[in-house]
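See structure below.
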Amino acid sequence: MISTDDLSIEYNGRTILRRATIAAEPGRVLALVGPSGCGKSSLLAALNQMTEIIPGASVCGTIKFNGQDIRDVFETSVHLRRHVGMIFQKPNPFPMSIRRNIELALHQHGKHSKPAINEITETVLRDVGLWEEVHSRLDRPALDLSGGQQQRLCIARALALQPQVLLMDEPCSALDPISAERVEQLIESMRGKYSVIIVTHNLAQARRIADHVAVFWMQDGVGEIIEQGETDAIFDASTNALVNAYLSGRKG
Ligand SMILES: Nc1ncnc2c1ncn2[C@@H]1O[C@H](COP(=O)(O)OP(=O)(O)OP(=O)(O)O)[C@@H](O)[C@H]1O
């Protein structure tokens, strides 16, 4: 679905990620794990073409969507983002009503029919388990919701566009434990429907929700993927000493 070939990222001429090759498969969850500063978030930013608006950022290598270079598939980043949604660590609802958050996302992508918008709004709010909590106050400000509800609204907003890929950058780490668990369950429920790439520092969470894992490490001051594979194989049967030390909490 979405993949990279030898992707390297620089900021102001300093390489921070070297030759990363990953593939997120349809319906599966890929976790990117590793110590801070190895370029995991930057890789997500490149997949969503956000690096194009980061001053000093440059990306080399290939990003493919369904096997084709993304620059050939999508005319603009707006088109790309309709298919590749992004969820950030800190929930970022628009400062407007709950309803408008979803409506605006749909408007931006050319959907204007009111009945269709209402139907999609209910469907995605149900999908994220928020409908019962908010259906009687859809016109209230999204910023009045709790952090966990805001994060689920942001996920609903992304789902409204029916993306094939969801990129999630530590989506639970700014939430209280109960909200974090709900969002984690939500990610689990996405298995089979979306390709999910999630950056997480929570190794127990990676183990619970990921089908496959890529482990990042700093080599000579530059981030690299040092191992990747099926979650059980990485956690239980890696022969890489660094990976074992990191996953067992002895290093990193
Ligand atoms: N906009 C930017 N300009 C310059 N350098 C940046 C920028 N964003 C990130 N970096 C640098 O790139 C390197 C990789 O950062 P990145 O956030 O991608 O790593 P990470 O593995 O996701 O870290 P963490 O797990 O802490 O989020 C770091 O040295 C960081 O300081």
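Here Leu186 passes the criteria (1) touching a Lys or Arg at 6+ places or on another chain (Cβ under 9 Å); (2) within 13 Å of the ligand (Cβ to nearest atom); (3) closer than 27 Å to Ile102 by Cβ; (4) hydrophobic (A, V, I, L, M, F, W, C) except the one numbered (2).
Scanning segment 49-95 for residues that are of a type in the set (Phe, Trp, Tyr), touching a strand residue (DSSP E or B) at 6+ places or on another chain (Cβ under 7 Å) and surrounded by fewer than 19 Cβ atoms within 10 Å (Cβ to Cβ) turns up just one, Phe88.
Do any helices (runs of 4 or more DSSP H) lying entirely in segment 109-199 carry at least 2 residues that are under 15 Å from the mean Cα position of the chain (by Cα), and which ones are they?
Result: 147-159, 177-190.
Residues checked against (1) out of contact with any Pro (no Cβ under 8 Å at 6 or more places or on another chain); (2) not hydroxyl-bearing (Ser, Thr, Tyr):
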{"position": "Asn101", "(1), (2)": "no, yes"}
{"position": "Ala105", "(1), (2)": "yes, yes"}
{"position": "Gln108", "(1), (2)": "yes, yes"}
{"position": "Lys114", "(1), (2)": "yes, yes"}
{"position": "Ile117", "(1), (2)": "yes, yes"}
{"position": "Thr121", "(1), (2)": "yes, no"}
{"position": "Asp127", "(1), (2)": "yes, yes"}
{"position": "Trp131", "(1), (2)": "yes, yes"}
{"position": "Arg137", "(1), (2)": "yes, yes"}
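Of the residues making up segment 23-80, those that are closer than 30 Å to Gly249 by Cβ and among the basic types (Lys, Arg) are Arg28, Lys40. Can you pull out every residue in segment 54-69 that is touching a residue at least 24 places away in the same chain (Cβ under 8 Å), more than 10 Å from the ligand (Cβ to nearest atom) and part of a strand (DSSP E or B)? Once the filter is applied, which keeps residues that are touching a residue at least 24 places away in the same chain (Cβ under 8 Å), more than 10 Å from the ligand (Cβ to nearest atom) and part of a strand (DSSP E or B), segment 54-69 yields Ser58, Val59, Cys60, Gly61, Thr62, Ile63, Lys64, Phe65. If you check Leu17, Leu32 for being in a strand (DSSP E or B), in contact with a Lys or Arg (Cβ under 9 Å, 6 or more places away or on another chain) and closer than 17 Å to Asp211 by Cα, only one passes: Leu32.
Looking at this structure, is Ala174 within 14 Å of Pro93 (Cβ to Cβ), of a type in the set (Gly, Ala, Ser) and surrounded by 23 or more Cβ atoms within 10 Å (Cβ to Cβ)? Taking the combined requirement at face value, the residue does not satisfy it.
Of note, Lys90 does not satisfy the criterion of being within 14 Å of the ligand (Cβ to nearest atom), in contact (Cβ under 8 Å) with a residue 24 or more places away in the chain, under 20 Å from Asp211 (Cα atoms) and charged (D, E, K, R). Figure legend. Inter-residue proximity from segment 171-196: first residues touching a residue at least 12 places away in the same chain (Cβ under 8 Å), second residues of a type in the set (Asp, Glu) and not in a helix (DSSP H, G or I), beta-carbon distance below 8 Å, spacing 6+ or different chains. Indicated pairs: Arg191/Asp211; Ser195/Glu25.
Can you find, within segment 1-47, the residue that is nearest to the ligand (Cβ to nearest atom) among those that are more than 18 Å from Asp169 (Cβ to Cβ) and of a type in the set (S, T, N, Q)? Step by step, filter segment 1-47, then rank; the result is Asn12.
From the list Ile226, Ile209, which residue is within 15 Å of the ligand (Cβ to nearest atom), surrounded by 15 or more Cβ atoms within 10 Å (Cβ to Cβ) and either more than 17 Å from the chain's Cα centre (by Cα) or within 26 Å of His83 (Cα to Cα) (or both)?
After applying the criteria, what remains is Ile226.
Across segment 203-252, the qualifying residues are those that are part of a helix (DSSP H, G or I) and acidic (Asp, Glu), and the one among them that is farthest from Thr21 (Cα to Cα) is Asp236.
Per the conditions (1) in a strand (DSSP E or B); (2) hydroxyl-bearing (Ser, Thr, Tyr); (3) within 15 Å of the ligand (Cβ to nearest atom), the sole criterion not satisfied by Thr51 is (1).
No lab work stands behind these numbers, since they all come straight from the coordinates. Keep in mind that this is a model prediction, so the values were computed, not measured. Note: ideal-geometry Cβ built from the backbone for every residue, glycine included; neighbour counts use all protein chains shown.
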